[in-house]
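**Student:** Sharing a structure, written as structure tokens. Questions coming.
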Amino acid sequence: MGTCGIAAGAKVTLDAFLKALDDKKLVNDVLVRQTGCMGLCHSEPTVEVLVPGMPTVIYGKVNGDVAKEIVEKHILGKKLLDNLIIDRPATDIVGLK
């Protein structure tokens with residue numbers, strides 16, 4: 001939710017995520033955090049998704065439809081949306097071994 005993200009539609013994307021999570025009764029099971037710029041301005045809005053037992057990924061150019069797809073296919077279906085992944089955080093940065 002940095003300036004570039006907001007300009008690219010991050011508020012609409014956030015609202016779509018919250019609605020999709022509410023529709024699937026996941027509001028109490030999923031933590032949503034707003035963050036500042038990750039330096040990927042060309043791919044905003046970006047969303048980092050961490051699901052236990054799955055690799056952490058960053059999706060780019062996320063709009064309302066993609067937000068719903070992430071909830072349904074990634075979070076619930078445990079399937080990566082390979083065509084939408086723009087980055088995978090380095091394990092040395094996030095502290096995983």
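The values are calculated or read from the model by the stated rules, or taken from the named source; none is laboratory data. Remember, predicted model here, so these are calculated numbers, not experimental data. Heads up, the Cβs are rebuilt from the backbone with ideal geometry, glycines too, and the neighbour counts pull from every protein chain shown. The area values use the complete protein model at the heavy-atom level, side chains included, leaving out ligands, DNA and RNA. Shrake-Rupley method; radii C 1.70, N 1.55, O 1.52, S 1.80 Å.
Residues checked against (1) part of a helix (DSSP H, G or I); (2) open to solvent by 80 Å² or more (accessible area, probe 1.4 Å):
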{"position": "Met1", "(1), (2)": "no, no"}
{"position": "Ile6", "(1), (2)": "yes, yes"}
{"position": "Lys11", "(1), (2)": "yes, yes"}
{"position": "Asp15", "(1), (2)": "yes, no"}
{"position": "Asp22", "(1), (2)": "yes, yes"}
{"position": "Lys25", "(1), (2)": "no, yes"}
{"position": "Thr35", "(1), (2)": "no, yes"}
{"position": "His42", "(1), (2)": "yes, yes"}
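**Student:** Does Val62 satisfy the criteria of being among the β-branched types (Val, Ile, Thr), assigned to a loop (DSSP other than H, G, I, E, B) and either modelled with pLDDT under 95 or surrounded by fewer than 17 Cβ atoms within 10 Å (Cβ to Cβ) (or both)?
**Tutor:** no
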